[in-house]
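Student: Sharing a structure, written as structure tokens. Questions coming.
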Amino acid sequence: MVDPAAPVVRFAPSPTGLLHVGNVRAALFNWLFAKRHGGTFILRLDDTDRARSKPEYEAAIERDLRWLGLDWARKEKQSERLQHYDAARDKLIAARRLYACYETPEELSLKRKLQLQRGAPPVYDRAALALSAAEKAKLEAEGRQPYWRFKLSGGRSAWTDLVRGPHDIDEASQSDPVLVRANGSYLYTFTSVVDDIAFAITHVIRGEDHVTNSGAQIQIFRALGAGEPTFAHLPLLVDATGGGLSKRTGSLSVGELRERGIEALAVSALLARLGTADPVEPVTSLDALVATVGFARVGRAAARFSEDELAHLSARTLHLLPYAAVRDRLLPNVGEDLWLAVRGNLTTLADAGTWADIVNGSLVPVLEDPSFLEEAAARLPAEPWTDATWKEWTGLVSAATKRKGRALFHPLRLALTARETGPEMAKLLPLIGRAKAAARLRGQTA
């Protein structure tokens, strides 16, 4: 049974583009908050913009969230809820909080320019409220279709924000927001409130670019006879130079990060901890993030996002993951022993396949000193081999050749792996096996 006091949150992307790291940060905080408090996470697609909303973007959003492990209890689409918006619209019109306007975009632009020239704030002057029924009929006869504004009550909209603390907006300095376009379509400011009421959303967790929206939306909630949810506005992400991150920057889309081999857990770990009091460190499951999520730990300053930091964290994440966590994503030739041997040297998961080919396949050895390598081959111990074999063997070779350090180890690594660096040879040698090792030391492709 669901606890009636448990939070209900929503992530509400518009399927007009790909998810990027800024979107994901909001989704992640909503999901973690719901999980920590036994609540419900709803995916709501804000797809009322039919011209720009695309099925392929909807599919990409769902694919990206699943890749991140952010499952949802239910999915809603605004395009399937138009009758609810119609009813709420009619209610606000009847309450005289929604009024018809007829200015063209050009006329509104001219009004704003004149206000700015006079040193006045560019706030809508509510001229439409003075129109008589006859004047409205005349405008409509000329072919003008009304758009609809919500009449703000003036004064201040105040709330206690979980991130920003006590906050208020002076609504007298704001234009009455447009809720319905001239073509009859609805804007986010309106549909979001209607849905938040219908789905009993308790907490709205989103970026601080929505702070001004929240002031107007609080009044819309109340005009529709509902109490507003608790708000938490997260600081926005900025890049390494302090500039803003574009929502449509391709390199920061979730799909692009996935294609580059970035680990999903690294994306979540970085976005959950950026700008908080908690250190950014790798995690092996989302549970570690659930346990620490809390808005009191989120700072007010913009969170600085670095692609280099993400790539480094992704590699560190791989170094910790047990075989069971990656088995289904590995090539068939990467078994548990090999995974444990190479994971500490991986940058991406695909690198494990490269080391599998080195160990299990054939390669052309690099012979730095053939005579030395022949002596080393002659002293290979009999199998079975273990992690102790490398130390035993190189000890014998060192005693016979008087070599130590790089002069001893580097030629052996090059011959056995054709690589200058890599995982510990103590772990790789038993996987390569005696036959392959002997052949490679003698310059044979094996």
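Student: Please give the charge dipole size of the stretch 309-431, origin at the Cα centre, charges +1 on K and R Cβ atoms and -1 on D and E Cβ atoms. Round to the nearest 20 debye.
Tutor: Around 300 debye, computed over the stretch 309-431.
Student: How large is the charge dipole for the chain, taken about the Cα centre, if only the Cβ atoms of Lys, Arg (+1) and Asp, Glu (-1) carry charge, to the nearest 20 debye?
Tutor: Value, rounded to 20: 340 debye.
Student: Also, I was wondering about something else. From the Cα gyration tensor of the stretch 351-398, with a ≥ b ≥ c the square roots of its eigenvalues, which class applies: rounded if a/c is under 1.5, or else prolate if a/b is larger than b/c, or else oblate?
Tutor: It comes out oblate by the Cα gyration axes.
Student: So how far apart, in nm, are the two label points at Ala301 and Phe199 if each is 7 Å from Cα heading toward Cβ?
Tutor: For the pair Ala301/Phe199, the computed spacing is 3.4 nm.
Student: Select from Ala120, Ala426, Ala100 the residue whose mean-square fluctuation is largest in a Gaussian network model of the chain (Cα-Cα springs shorter than 10 Å).
Tutor: Evaluated over the chain, the most mobile residue of the options is Ala120.
Student: I'd like the distance between the alpha-carbon centres of the stretch 297-342 and the stretch 64-97, rounded to an integer number of Å.
Tutor: After rounding, the separation between the Cα centres reads 36 Å.
Student: Something else about it: If the chain between Arg126 and Thr16 were fully stretched, how many nm would it gain, using 0.36 nm times the residue separation less the Cα-Cα distance?
Tutor: Net length gain for the segment: 36.4 nm.
Student: Multiply the residue gap between Arg118 and Asp239 by 0.36 nm, knock off their C-alpha separation, and tell me the result in nm, one decimal place.
Tutor: 39.8 nm
Student: Please list, in order along the stretch 347-358, the HN-Hα scalar couplings obtained from phi with the Karplus expression 6.51 cos²θ - 1.76 cosθ + 1.60 (θ = phi - 60°), rounded to whole Hz, x for Gly and Pro.
Tutor: 9, 10, 4, 4, 5, 4, x, 4, 6, 5, 5, 5
Student: Return the calculated 222 nm mean residue ellipticity for the chain, to the nearest 500 deg cm²/dmol, obtained by summing -39500 (n - 2.57) across DSSP H runs with n ≥ 4 and dividing by the residue count.
Tutor: Here the helix-only value at 222 nm equals -13000 deg cm²/dmol.
Student: Considering only Val123, Ser157, Ala133, whose Cα is most displaced toward the positive end of the charge dipole of the stretch 96-171, charges sitting on Cβ of Lys, Arg (+1) and Asp, Glu (-1)?
Tutor: Going by the charge dipole, the pick is Ala133.
Student: May I pose another question? Round to the nearest 0.05 the FRET efficiency obtained for Ala133 and Ala158 when R0 = 45 Å and r is the Cβ-Cβ distance.
Tutor: It comes out at approximately 0.75.
Student: When ligands, DNA and RNA are left out and all protein chains stay put, how many square angstrom of accessible area per residue does the chain have with a 1.4 Å probe?
Tutor: Dividing the accessible area of the chain by its residue count gives 47 Å².
Student: If you don't mind, there's one more thing I want to ask. Go through the stretch 63-70 residue by residue and turn each phi into a ³J(HN,Hα) via Karplus (6.51, -1.76, 1.60, θ = phi - 60°); whole Hz please, and just put x for glycine and proline.
Tutor: 4, 5, 5, 5, 4, 6, x, 9
Student: Okay, next question. Give me the angle, in degrees from 0 to 90, between the Cα long axis of helix 105-117 and the longest principal axis of the Cα atoms of the chain, rounded to the nearest 10.
Tutor: Between helix and principal axis, roughly 90 degrees.
Student: I'd like the antiparallel share, as a percent to the nearest 5, of DSSP beta bridges with both residues in the chain.
Tutor: 50 percent
Student: Label points 7 Å out from Cα along the Cβ direction at Leu82 and Lys391: separation in nm?
Tutor: Simple spin-label model gives 7.4 nm for this pair.
Student: Top mean-square fluctuation among Thr386, Thr189, Thr16, Gaussian network model of the chain, C-alpha springs under 10 Å?
Tutor: Highest fluctuation of the listed residues: Thr386.
Student: What value in Å³ per residue do you get for the convex hull of the alpha-carbon atoms in the chain?
Tutor: Taking the convex hull of the Cα positions in the chain, it is 195 Å³ per residue.
Student: Where the accessible area of the chain is counted over protein heavy atoms with a 1.4 Å probe, how much of it, in %, is carbon and sulfur?
Tutor: It is 52 percent, rounded to a whole number.
Student: Report, in whole Å, the centroid distance computed from the Cα atoms of the stretch 1-61 and the stretch 357-383.
Tutor: With the stretch 1-61 and the stretch 357-383 each reduced to a Cα centre, they are spaced 55 Å.
Student: I would also like to ask the following. For a Förster distance of 35 Å, can you work out the FRET efficiency between the beta-carbons of Glu424 and Arg258, rounded to the nearest 0.05?
Tutor: Taking R0 as 35 Å, the efficiency between Glu424 and Arg258 is 0.75.
Student: List the residues, sorted by chain then number, that are 5 or more residues from Leu45 or on another chain and whose placed amide H is less than 5 Å from its amide H.
Tutor: Sorted by chain and number, the residues that satisfy this are Glu76, Lys77, Gln78.
Student: Given bins 10 angstrom wide, list per bin the percent of all Cα-Cα distances in the stretch 320-446, short to long.
Tutor: Answer for the stretch 320-446: a P(r) of 13, 45, 31, 10, 1 percent.
The values are calculated or read from the model by the stated rules, or taken from the named source; none is laboratory data. Keep in mind the model is a prediction, meaning the values are calculated, not measured. Glycine also receives a Cβ, built like all others from the backbone with ideal geometry; neighbour counts cover every protein chain displayed. Ligands, DNA and RNA are excluded from the accessible area calculation, which covers all protein heavy atoms including side chains. Shrake-Rupley method; radii C 1.70, N 1.55, O 1.52, S 1.80 Å.
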